Amino acid sequence: MEGLRRSRFPDVRRDAWYADYVAYLEKLGVVVGYPDGLFHAEATITREQFVAMSVRLDEWMELETYDSRRGSFPDMPVSHWAADYIQEATRNGWIVGYTDGLFHGGDCITRAEVATIVNRMLGRTADERFIRHHEDELTTFRDLQNPHYWAYYDLMEAANGHTIVTGAEDETWHEVR
């Protein structure tokens, strides 16, 4: 991918390690930048921004038909710039919000939330039994040791390559790569 594309964002230097990736996602319409015309690579990504990019990628991949509807979270009014994307991600089952019933779109997204959304987008579900019985063979993280953590299995699924045997309802891990 190196050197193939040039981003229209003036703050994305051509020699930046991410420049080609940004230009590619820009071409697909996945990233659109900020209202000031910049990309702001140093900025953290919020939940609403990641969901918007996920839905745009989904549209490009034609996995689902985009359906603009009223937002489903009280903190995401219909007039919010990401309301349609958040509603679409909710309809697709990628996001459920927090226990307080809100989305908290302006909060920075965590790696656990990213892994969970991507797994749900791709229809990937973790084989919890396999993970429990093969933890010593799997890639793990120092800060992820508790299998009771809400995203433990989603993170393990995302972090470990494996071949699978798919069934009617789920996948079974066959071997770890």
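The values are calculated or read from the model by the stated rules, or taken from the named source; none is laboratory data. Bear in mind that the values here come from a model prediction, so they are computed numbers and not experimental data. All Cβ positions, glycine included, derive from the backbone under ideal geometry; neighbour counts span all protein chains shown.
Quick look at the values:
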read-out: Matching option when the condition is of a type in the set (K, R) and touching a residue at least 60 places away in the same chain (Cβ under 8 Å), among R47, R8, R111; value: R47
read-out: Counted residues, region 76-109 - those being out of contact with any Pro (no Cβ under 8 Å at 6 or more places or on another chain), not basic (K, R) and not in a loop (DSSP other than H, G, I, E, B); value: 8
read-out: Qualifying residue in region 48-69 (condition: within 26 Å of F141 (Cβ to Cβ), in a loop (DSSP other than H, G, I, E, B) and of a type in the set (D, E, K, R)); value: no
read-out: Residues located in region 110-160, provided they are within 15 Å of the chain's Cα centre (by Cα), outside any helix (DSSP H, G or I), surrounded by fewer than 18 Cβ atoms within 10 Å (Cβ to Cβ) and modelled with pLDDT of 90 or more; value: T110
read-out: Those residues of region 12-38 which are in contact with a Leu (Cβ under 9 Å, 6 or more places away or on another chain), of a type in the set (A, V, I, L, M, F, W, C) and surrounded by 15 or more Cβ atoms within 10 Å (Cβ to Cβ), in sequence order; value: V12, A23, L25, V30, V31
read-out: Filtered residues of region 31-40 (kept if more than 18 Å from R56 (Cβ to Cβ) and aliphatic (A, V, I, L, M)); value: L38
read-out: Some residue of region 9-23 being outside any loop (DSSP other than H, G, I, E, B), modelled with pLDDT under 95 and not hydrophobic (A, V, I, L, M, F, W, C); value: yes
